[in-house]
Each structure stands twice: as structure tokens, then as C-alpha cells.
Amino acid sequence: MMPVVTTNTAANSALRYLNTNSEAESSSVSKIASGSRITKASDDAAGLAVGTKIQSDVTMLNQASTNASNGESILQAADGGMARISDILQRMESLATESVSGTVTDTERGYIDAEYQQLTDEVDSISTGTRFNSQSLLDGTGSWSSGVTFLVGTATTDTITITLTTVDSSALGLTGSSVSTSDGATSAITTIKSAISALSTARAKVGAQISRFEYQGEMISTSIENQEAAQSAIMDVDVASEQTKLSNEDTLVQAGINALAKANQLPSELLKLLQ
């Protein structure tokens, strides 16, 4: 290249390389500062698309984990209420057995029946008072008896439906039972045994649903861990590698600045030839 003073080709070339290296240096700084390998779509368009999809799935899985936890809490609340009703039924069975005994008269049976009826009312009180988010769970008045669905995954088909059995005095067949007479107490024992059996079946169903939510929660936690690891492999920057790259780019930028400064001096150096 012949020396000229009208066009400083060397300076133009040095400036072009300086701009290129400065842009690369800025990109490395952004990646290290953000911790992400992809700070703009042009860095890795495919990686950005996949990483964003994974991030969306992780967000859904985190909410699904909350949904599963809520479902489990609802079932535990229901089981707690059923456990107390079970205790009451056992006491009612004891009272009925006492009333059948020939050692008590109808007068004493009247006293026994007073407690028996109060316990029947308490069954209704518990079935109505066992609530979640202000909705009764066990008296059949809400939507729990027909089924409430929880989304516990990333697809609309990843669901678990909670269905709770109604266990108030009417559903358990306790309404109208009495232990005020020996015959009534004998009939009540049969009724209570049937109620205990029905309640045990309902609790077993609740327990099975709790177990399902527990396993689902563990599966969600594993999925979140795996998805986050996959996202990290795609999106996160290798700090050591990027730092090495930044050092190289910084050296090139410094070299470009020096080269540009030297190139800008060439026209004035050539003009000295005319002196």
C-alpha cells in the first residue's frame, strides 16, 4: 500500500477492528454481569427459544407444587375431621352398649340417650365446621362431594381430582337413632357399626388421595430440579471461559486503540516529507 495523505486507509482499518473488538468485549462483560450466556437473541436463537420454554415449564411446575401442597392440606383437614367423628362414633357405640345392659333402667337410659343425641349433633357440627377456604368439606354442601380438580403438572391432563365423602349424621344413618330403650339401643349398635364401616371407607379413600399428592409432590420437585439443570446448561454462562475471552478481547481492544493512534499519525508524518 502506497503512502497517501487524502485517505487514511490504515486508520479506517484499525477503527473497524477496534469497533469489532469493543463490541465483543461489551458482549462478554454483559454475559459475565448477567450470568447468562444469552443476553440477546442473536447470541443463540435456538438456545433462547428452548431455554425460555424450559423456564416457562419451571414456573408452571412451581405453581403445580403449590397446588399439590394445597390439595394435600385439604385432605389432611378432612381426615382430621373424620378422625374426630370416628372418636364420637366409638363413644356412641359404647353408650348404646351400656344402654342395652339390663343393669340400667329406662330412667338411666334417658340420661345416656341425652349424651347420645348431643354426640349425634356434634357429628353434624364437625362435618360442617371442617372447612378449607371457608368451604365445608364433609357435609356435602360444597363441591367437594362431586369432585374438585387440581392441576399438578405442565399439561392440562396433569390433574388430580379430590372427592370427599359426606359424613354427616344423615349420611351415616344416625338420624333418628336413639338409645332411650333397650330395643332402640340394640338397633343403634347395628347403625353405629355400619356408620363406622362407612367412615373407615371414607378415611381410607382420603388416605389414598393424600398418598397420591405426596408422590406427585416428590415427582414435581424432581422435575423442577432436572428442568432447572437443563436450563442452566443452555442459558448460564461459563464464567471462567468467558473471563478468558474477555481478557483476550480487552488485549485486542488496547492493541486496536494503539494501532488507531499510530495510524492517525501517518498523514502528519508524510507531510514532514514536504518540509
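In this simple spin-label approximation, Ser182 and Asp121 carry label points 7 Å from Cα along the Cα→Cβ vector, and these lie 3.0 nm apart. Each part gets one Cα centre, and for region 205-222 versus region 177-191 those centres are 41 Å apart.
Spatial offset of region 62-89 relative to region 123-153 amounts to 10 Å, using the alpha carbon center of each.
Place a +1 charge on the Cβ of each Lys and Arg in region 47-191 and a -1 charge on the Cβ of each Asp and Glu, then give the dipole magnitude about the Cα centre in debye, rounded to the nearest 20. Provide the component values of the computation, followed by the final result.
Working: 5 positive and 17 negative charges, 147 e Å.
Using only the charged Cβ atoms, the result is roughly 700 debye.
Computed from the C-beta positions of Ala208 and Ala46 and an R0 of 45 Å, the FRET efficiency is 0.55 to the nearest 0.05.
What translational diffusion coefficient, to the nearest whole µm²/s, does region 45-234 have by Stokes-Einstein, given a Kirkwood radius computed over alpha-carbon pairs, a temperature of 37 °C and 0.692 mPa s viscosity? Kindly include the intermediate steps, with their values, before the conclusion.
On the way: Rh = 19.1 Å.
In µm²/s, the coefficient rounds to 172.
Could you give the size of the charge dipole of the chain about its Cα centre, using +1 on the Cβ of each K and R and -1 on the Cβ of each D and E, expressed in debye and rounded to the nearest 20? It comes to approximately 1380 debye. Its DSSP H runs of at least 4 residues, each contributing -39,500 (n - 2.57), put the calculated 222 nm mean residue ellipticity of the chain at -26000 deg cm²/dmol, to the nearest 500.
Farthest toward the positive end of the dipole of the chain, out of Gly153, Met235, Ile88, is the Cα of Met235, where the dipole comes from beta carbon charges about the Cα centre.
Would you mind calculating the relative contact order of the chain from Cα pairs under 8 angstrom and at least 6 residues apart, reporting the percent as a whole number?
36 percent
Every number in this text was worked out from the coordinates using simple rules, so none of it is lab data. Please read all numbers here as calculations on a predicted model, not as lab measurements. Glycine gets a Cβ as well: all are built from the backbone with ideal geometry, and neighbour counts include every protein chain shown.
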